[in-house]
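The numbers here are math on the coordinates, done by the rules we state, and not lab data. Everything quoted here is computed from the prediction, not taken from an experiment. Glycine gets a Cβ as well: all are built from the backbone with ideal geometry, and neighbour counts include every protein chain shown.
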Amino acid sequence: MGKSHRQVRRLGVRFVAVAAAAVTLGPSPVLAAPAPVAPRVVSLTFDDGRVSQSVVDRLLAAHQMVGTFYIITGAVNVGGSDPESLTWPQIHRLADDGNEIAAHTRTHPDLPTLNPPAQTAEICGSRQDLIAQGFPTISFAYPYGDYTPTTEAIVKQCGFASGRGASGGAETIPPADRYAMRTLDNVVDTDSVARLEAQTATAKPGQWLDYVFHDVGNPYPGGDQYRVTTADFTSFLDWLASQRTKGTVVIRTVGSVVP
C-alpha cells in the first residue's frame, strides 16, 4: 500500500532539511592567498674609478653582493700616472668578482658644453677603451648627471643600453627612459647610515634605488664631500643583507636591470 500524502510530505521536509544541513556543514570556501610583495631593487654604483674604491671589492664579496663601477677611462692609473684612480689590474679584479664595469666618458667633461662630434669621441671612446680591455660594456653614466636629448641619442648610437643621470629619486623597472635614468642623490659625507637605510625602507615595493658612491674611506687632502666612511658603508651593506634575507630587497647591477 502506498505512503499517505502526509507521510510523503514529511519525507520531503526531512530531505530538504538534510540537504540544507549538508550545504551549511560543507567545507568553508578557500580564501585566496595574498599576492606576493615585489622586493625593492637596489643597485650599488661607484663613479669615477677612484682609488679608494679598491676596498669595495672585498666588502661586496663578503656580503655576496656586486656593484656597477663607472670608469673614466682616460684617468685610469697606468704606471703611476694618476695615483688617485684605480689601475687596470684593480678594475679587472672587480670584474672577475662579478662586478659590472661601465663607462663614464674618457675625461669626465660636462657633455652638453661640447659639440656632438666631441661628445661622440668622449662617449664612444670610453666604451671602445673598456671593450679593448675585455669588458662587455653596456651601461653609461653622464658626468655631473648632465645631458641633453642630443647626448642621449649619442649614448644610444655608441651601443650603450642605458644612460644614468645623478638625481631624481627612485626609478621604475623598466625605466621610463633608459637613457635618462634616475638615481638617488649622490652619497655625501653628511649622510648617515640611517638615512641611507630609510631611502630603501620607505620606497614602494618593486621600485629601483640606485645609490651613487664616489670615495669610500677616510678623508684625504684635496678630497671632496662625495664620500662615505668604510665603517658606514659596511654597516649599510650589513643592513641590506638583512633585508635581502627577509625578501624585501634584491641587489642587482645596472646592466642586469636594464640589459
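Annotations for the structure displayed:
- Pick from segment 117-129, criterion in contact with a helix residue (DSSP H, G or I) (Cβ under 6 Å, 6 or more places away or on another chain) and of a type outside the set (S, T, N, Q), ranking: nearest to SER85 (Cα to Cα): ASP129
- Single condition PRO109 does not satisfy, out of (1) without any contact (Cβ under 8 Å) to a residue 40 or more places away in the chain; (2) assigned to a loop (DSSP other than H, G, I, E, B); (3) over 23 Å from THR230 (Cα atoms); (4) within 21 Å of the chain's Cα centre (by Cα): (4)
The rows are residues; the columns are (1) assigned to a loop (DSSP other than H, G, I, E, B); (2) free of Cβ contacts under 8 Å to residues at least 12 places away in the same chain; (3) touching a helix residue (DSSP H, G or I) at 6+ places or on another chain (Cβ under 8 Å).
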site: SER167; (1), (2), (3): no, no, yes
site: ILE173; (1), (2), (3): yes, no, yes
site: ARG182; (1), (2), (3): no, no, no
site: ASP185; (1), (2), (3): yes, no, no
site: LEU196; (1), (2), (3): no, no, yes
site: THR200; (1), (2), (3): no, no, yes
site: LYS204; (1), (2), (3): yes, no, no
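- Residue list for segment 38-58, restricted to those being in a helix (DSSP H, G or I) and surrounded by fewer than 18 Cβ atoms within 10 Å (Cβ to Cβ): SER54, VAL55, ARG58
- Answer residue from segment 159-176, given it is exposed (fewer than 14 other Cβ atoms within 10 Å of the Cβ) and over 13 Å from the mean Cα position of the chain (by Cα) and is farthest from ALA103 (Cα to Cα) among those: ALA176
- Selection status of PHE135, touching a helix residue (DSSP H, G or I) at 6+ places or on another chain (Cβ under 7 Å), in contact (Cβ under 8 Å) with a residue 12 or more places away in the chain, closer than 18 Å to TYR179 by Cβ and not aliphatic (A, V, I, L, M): no
- In segment 141-156 there is at least one residue matching the filter, namely being hydrophobic (A, V, I, L, M, F, W, C) and touching a residue at least 40 places away in the same chain (Cβ under 8 Å).
- Top-ranked residue of segment 96-118 - restricted to ones that are small (Gly, Ala, Ser) and surrounded by 17 or more Cβ atoms within 10 Å (Cβ to Cβ), ranked as nearest to PRO149 (Cα to Cα): ALA103
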